[in-house]
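Take a look at the structure set out below.
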């Protein structure tokens, strides 16, 4: 058995969808030094961290509520939606801002699976070119929904064309109760054979999206 990490780290200088978003922070709420002088610990110290960030950050999962006001929030998702058999679709060499067509899944069994699109775009993480990513066409989103996919993951910033305010991939997939994971990495390490994909967020009540530690387990 092998465990393959597919997640980007959350850091203060990480790529964000918008330059207007606040940078994530992780600071000590109680530091080891403060704990040493608190009088509450003997022979040891403790650090308690305080984290603050927008939830659509890093490798994160979109719940249906993200684009559907009547859809399930993060805390209402069943674990069976978050741990799934996976299939990886390898699409190297796509040009910037290229719509991925529906024939990307032609002949592939995606029913009941997490469908992960490996474009190689995660190689640009931290560079300006990362924002010039390909995206899922509306026709592909419809094809994924009709073929019975349960989760769609991409190794770039946004499943949709950032210039399209309709966000058809998000709307089609999330309204079909198909979850979305963005900013994956390491998909080249996945086998062509069977694996199990895990993308479980913290159970945060009311959240529309939340970071995950995405990974795959191979036989």
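The values are calculated or read from the model by the stated rules, or taken from the named source; none is laboratory data. The structure presented is a predicted model; accordingly, all values stated were derived computationally and were not measured. All Cβ positions, even for glycine, are placed from backbone atoms using ideal geometry, and neighbour counts span all protein chains on display.
What are the pairs with Cβ atoms under 6 angstrom where one residue, in region 32-57, is more than 30 Å from residue 159 (Cβ to Cβ) and not assigned by TED's automatic domain parsing to the domain that holds residue 209 and the other, located anywhere, is assigned to a helix (DSSP H, G or I) and modelled with pLDDT of 95 or more? Sequence gap at least six, or different chains. Matching pairs, first to second residue: 41/35; 45/32; 45/35; 45/36; 46/35; 47/32. Here is the figure for region 58-82: residues that are in a loop (DSSP other than H, G, I, E, B) and more than 15 Å from residue 155 (Cα to Cα) total 11. Of the residues making up region 191-213, those that are out of contact with any helix residue (DSSP H, G or I) (no Cβ under 8 Å at 6 or more places or on another chain) and buried (at least 20 other Cβ atoms within 10 Å of the Cβ) are 195, 197, 199, 211, 212. Criterion applied to 96, 85 was being closer than 23 Å to residue 137 by Cβ and either in a helix (DSSP H, G or I) or modelled with pLDDT of 95 or more (or both), and the one residue passing it is 96.
Please specify each residue of region 60-97 satisfying the condition of being free of Cβ contacts under 8 Å to residues at least 24 places away in the same chain and touching a strand residue (DSSP E or B) at 6+ places or on another chain (Cβ under 7 Å). Across region 60-97, there are no qualifying residues.
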